[in-house]
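Read through the structure below, which is laid out as structure tokens, and then see the notes.
The values are calculated or read from the model by the stated rules, or taken from the named source; none is laboratory data. These numbers were taken from a predicted model, which means no experiment stands behind them. Heads up, the Cβs are rebuilt from the backbone with ideal geometry, glycines too, and the neighbour counts pull from every protein chain shown.
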């Protein structure tokens, strides 16, 4: 596209900013009777209407401003499960002009400490059940002055620390239920979330009021999740994980009821809440669904209300999709990342595929790009690749809810590392894949794991999946290793099943059979290992293997 | 809300403008195989994919720029039916940075002339079938230099005029199918449409790229029309009428197929195209549907594909809604105006009403406000009224796709008449009604027709409907007349059926019976007239009655 015109004429439309405040006010006013139901583990779940939650959000804003002195662009952190109080914080903090900073309670302590210090959080709202975690971190968090505690938990854990401790309910009590919200610039920061990359320090993504508003509209489009006030969404994906995929905002925009699991994320209570509260929609990562499936096989329950299940975070195994289909729960794949708010694609099969053999293939892709997300594929030499469903390149995306930088820290310039953002401002996702002519994305590898061989890319994941389909192979990881002639070539590291006898030549022949792997992609270098090294979240830790190879610690056979 | 903060921090999101260009590119790329089907009256309809239409839009932009010299913010007018070429103009003109100006071919000649001259249109794209109309206007249109003709029609009608005549297809032929679109400011003008008010000159509403983009997202939200690429929308509402309610844009955003009737708007061809093309959705004003219903009763056809019918423009009579329900075509009421892009409300019943007696009552309201439209009611003394479903006031609205001014003319400041825009920038709709606590709008009158009596409002429409329910009354119009004590009081003007004998006292008693009308609202002044004066579009022309009363031309009895 060529540069903007200077003779542009403005329209006669009103100039109304797109803000979280407006979503709040709309939800409170037009959908005031929609419900947030929070699971309590025993007895009746806790129920609060959108109107009540909005009034409490107004009270919370008064408390934060008047009692705790929160002003300006200050970050207010939450260390909370999914519950009504967390939704109140979601609205109060951005609407008053401050920045909601959700803390991922699953991160290692050193990363959490880094994040709180980098964001310079002065206030933390915490669930009582998470006080053991917060108390262990507090000695390393010099910026934190106030801790606001909500829900059951041992307050004495904070004794002896230097912070001021407040009770959430006591802060709200008696505060006015209306608030004169400031008129905000829609490009102003509303919320932030740090990425939990496996290398380097976590990076802060700062969402704007505009990006949240637009993302919420997108989530509610019929072509996307397409929920209405007739739906109840079981929000399993944590509110500390990319704004729970935008659901706490999308729900207020359309009056969608929320079912919040709080800390009860085990398969049994999840199955129970589905049976008793009858949500129509649920959103979570595959691990949760694997667990639920086992639970339902062990103890069947009526989960028939659940007709749409959004799965993201990592690829949904075909077997899981089939198993859910058989239970009447239709899985819809989605792809995104912290940097994409997160909705980047969603796998609704195109009209022509519905009811045909193609349908499942479409559903197993990462999904289709919505109107707000532009995409392009960049090949090994930086060239643009066609959307032909075959050319694999690194996915780059652009759009009003896509990050163009990372938070630099208070007063510092934003960070734009060249490996994450292109010169013309697109996000480099670090994911490698193909795009079909009708805009469906299929991811095949991470860019850091792909093997760059003679100007072409070899997918490490494809090789691993092919290897692991051999009956003798328990696990296999493939990493790139330097090669004088080709730049890089694949090294196959294989864990054999107990008593298995297959040798490397047999496995190599197996890969080449039935069109599994193209001949030029077959590994020459092979090694047997005891187990594949894993990261804290259970993913293959390939940098360990690459280091072991570089250090000569692996016993490599070349075929 | 209080004023914007100065210490606001910007987010790290990309700054990507919301433009018509991006909707075009998305539709062409991701939904390239979706179809625009244009009815041709005989034989096969004409079919064109989104990809083909987009390529032709690119060619049209080249032609307009290179051959006709269209630059900058220039208005390019269309005088066209709903068809694929009109969609191409919808995208080419705004995307190149110019302003699409749709001309309402149903307006009286003097209004059309005023509009073209006020907008200073230099280029008109016209359907051949509309050349008789254009030729009759051209002598009064000094700014028009170029006429581009598409489709069958007698070109010789333009002989002897001073304009240069171009064939649409010849202009496009051989032009590149790609275009280096300018990067536009989202607040730049994209399209304009003049209101056809019954008083004063027509007023131009100028839509921005941003307003069109946001309105399209809203149309596609599940809570709104909620269409996907599995749908085909029969777009009967004209493209010259508030951008065909946003459908030509919403369709490209989600890959929704379009069925375009071109000039075949009579009940028989509409019924035929529904039966043969099987659209799932249709949008039109009540008059069209009344005609279709009669046609279907005369000659039944299979219209079972049509599960959603959006009705707007004026209120849908309950009998029409019931009749359509019985045919399996579910009517969804919507309200809007040229100044609201137009989607202001849509009547999807709330979850709790579905399947109950309340459902129809909700469906007969004008509908519920979506997140992008803020609403308030202003009473007779300028006070804000509650959303209690009872307090009637003038509806004022605010939002990113609502007009805040009218086009002033080339180089002139926008117009902000005080009777149309409040001091704080809200649009005064001129409609009077109530809003329920859950955000459903019920319109009861036009502000100019309501009777302001002693600080309270009396609905002229309620009185008319009550009067017309008496068996002796053929028609009745009620207007406000000056009153020394009350400010204004209602004057009932009644047309009796042939041979009817009811006198005024009987009619007054009838109004008071069964709670039809509150006692203080009953008219004292009565007159018999031969027929109610009508406007060119068949609405009651009450200003004629008010003038006749003021001039003493009516024989008024006071009870």
* Asked: When you look at residue B:346, is it closer than 28 Å to residue B:249 by Cβ and modelled with pLDDT under 95, yes or no?
  -> no
* Restricting attention to segment B:438-446, does a residue exist that is farther than 19 Å from residue A:16 by Cα, part of a loop (DSSP other than H, G, I, E, B) and in contact with a strand residue (DSSP E or B) (Cβ under 8 Å, 6 or more places away or on another chain)? -> yes
* Asked: Can you name every residue in segment B:502-540 that is within 20 Å of residue B:488 (Cβ to Cβ) and at pLDDT below 90?
  -> B:540
* Select from segment A:307-337 the residues that are touching a residue at least 40 places away in the same chain (Cβ under 8 Å), in contact with a strand residue (DSSP E or B) (Cβ under 8 Å, 6 or more places away or on another chain) and surrounded by fewer than 18 Cβ atoms within 10 Å (Cβ to Cβ) and list them in ascending order. => A:315
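Residues checked against (1) assigned to a helix (DSSP H, G or I); (2) at pLDDT 95 or above; (3) more than 14 Å from chain A (Cβ to nearest Cβ):
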| site | (1), (2), (3) |
| --- | --- |
| B:17 | no, yes, no |
| B:29 | yes, yes, no |
| B:32 | no, yes, no |
| B:36 | no, yes, yes |
| B:42 | no, no, yes |
| B:51 | yes, yes, no |
| B:56 | yes, yes, yes |
| B:59 | yes, yes, yes |
* Asked: Assuming residue A:421 fulfils every condition listed in (1) surrounded by 13 or more Cβ atoms within 10 Å (Cβ to Cβ); (2) over 30 Å from residue B:32 (Cα atoms) apart from one, which condition is it?
  -> (2)
* What number of residues in segment A:529-551 are touching a strand residue (DSSP E or B) at 6+ places or on another chain (Cβ under 9 Å), surrounded by fewer than 15 Cβ atoms within 10 Å (Cβ to Cβ) and either in a helix (DSSP H, G or I) or in contact (Cβ under 8 Å) with a residue 24 or more places away in the chain (or both)? -> 3
* Structure fact -> Scanning segment B:92-112 residue by residue, those within 25 Å of residue B:65 (Cα to Cα) and in a helix (DSSP H, G or I) turn out to be B:92, B:93, B:94, B:95
* Within segment B:155-168, identify whether any single residue is touching a residue at least 40 places away in the same chain (Cβ under 8 Å), away from every other protein chain (no Cβ under 14 Å) and surrounded by 15 or more Cβ atoms within 10 Å (Cβ to Cβ), and answer yes or no. => yes
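Rundown of residues vs (1) within 25 Å of residue B:18 (Cα to Cα); (2) without any contact (Cβ under 8 Å) to a residue 12 or more places away in the chain; (3) assigned by TED's automatic domain parsing to the domain that holds residue B:163, yes/no style:
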| site | (1), (2), (3) |
| --- | --- |
| B:57 | yes, no, yes |
| B:76 | yes, no, yes |
| B:88 | yes, no, yes |
| B:94 | yes, no, yes |
| B:110 | no, yes, yes |
| B:124 | no, no, yes |
| B:140 | no, no, yes |
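Results for (1) over 23 Å from the mean Cα position of the chain (by Cα); (2) in the same structural domain as residue A:258 (by TED's automatic domain parsing); (3) not in a strand (DSSP E or B), shown as yes or no for each residue.
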residue: A:276; (1), (2), (3): yes, yes, yes
residue: A:291; (1), (2), (3): no, yes, yes
residue: A:297; (1), (2), (3): yes, yes, yes
residue: A:304; (1), (2), (3): yes, yes, yes
residue: A:310; (1), (2), (3): no, yes, no
residue: A:325; (1), (2), (3): yes, yes, yes
* Asked: Residue check: is residue B:432 part of a strand (DSSP E or B) and within 12 Å of another protein chain (Cβ to nearest Cβ)?
  -> no
* Among the residues of segment A:198-226, which ones are within 24 Å of residue A:408 (Cβ to Cβ), assigned to a loop (DSSP other than H, G, I, E, B) and either touching a helix residue (DSSP H, G or I) at 6+ places or on another chain (Cβ under 9 Å) or within 8 Å of another protein chain (Cβ to nearest Cβ) (or both)? -> A:198, A:199, A:201, A:202, A:203
* Structure fact -> In segment B:232-248, anything touching a helix residue (DSSP H, G or I) at 6+ places or on another chain (Cβ under 6 Å), on the phi < 0 side of the Ramachandran plot and assigned to a loop (DSSP other than H, G, I, E, B) is listed as B:236, B:237, B:239
* Condition met for residue B:124 (closer than 21 Å to residue B:262 by Cα and either away from every other protein chain (no Cβ under 14 Å) or more than 21 Å from the chain's Cα centre (by Cα) (or both)) -> yes
* To do: Starting from segment A:180-195, keep only residues that are without any contact (Cβ under 8 Å) to a residue 40 or more places away in the chain and at the interface with chain B (Cβ under 7 Å from one of its Cβ atoms), then list their pairs with residues that are crowded, with 24+ Cβ neighbours inside 10 Å and in a strand (DSSP E or B) whose Cβ atoms are within a distance under 9 Å, requiring at least 6 positions of separation or different chains.
  => A:187/A:208; A:187/B:13
* For segment B:361-403, which residues satisfy the criterion of being touching a helix residue (DSSP H, G or I) at 6+ places or on another chain (Cβ under 9 Å) and over 22 Å from residue B:221 (Cα atoms)? -> B:361, B:387
* For segment B:249-267, what are the residues that are in a helix (DSSP H, G or I), surrounded by 24 or more Cβ atoms within 10 Å (Cβ to Cβ) and either out of contact with any strand residue (DSSP E or B) (no Cβ under 6 Å at 6 or more places or on another chain) or within 8 Å of another protein chain (Cβ to nearest Cβ) (or both)? -> B:249, B:250, B:252, B:253, B:254
* Structure fact -> Of (1) modelled with pLDDT of 95 or more; (2) within 19 Å of the chain's Cα centre (by Cα); (3) part of a helix (DSSP H, G or I), residue B:282 satisfies every one except (3)
* Could you run through segment B:388-418 and say how many residues are more than 17 Å from residue B:340 (Cα to Cα) and surrounded by 22 or more Cβ atoms within 10 Å (Cβ to Cβ)? => 2
* Asked: Got a sec? Which of B:141, B:184, B:130 is more than 14 Å from residue B:70 (Cβ to Cβ), surrounded by 18 or more Cβ atoms within 10 Å (Cβ to Cβ) and more than 26 Å from the chain's Cα centre (by Cα)?
  -> B:184
* Residues that are more than 13 Å from chain B (Cβ to nearest Cβ), part of a strand (DSSP E or B) and free of Cβ contacts under 8 Å to residues at least 60 places away in the same chain, drawn from segment A:385-428 -> A:385, A:394, A:395
* To do: Among the candidates A:554, A:511, single out the residue that is touching a residue at least 12 places away in the same chain (Cβ under 8 Å), surrounded by 13 or more Cβ atoms within 10 Å (Cβ to Cβ) and closer than 15 Å to residue A:458 by Cβ.
  => A:511
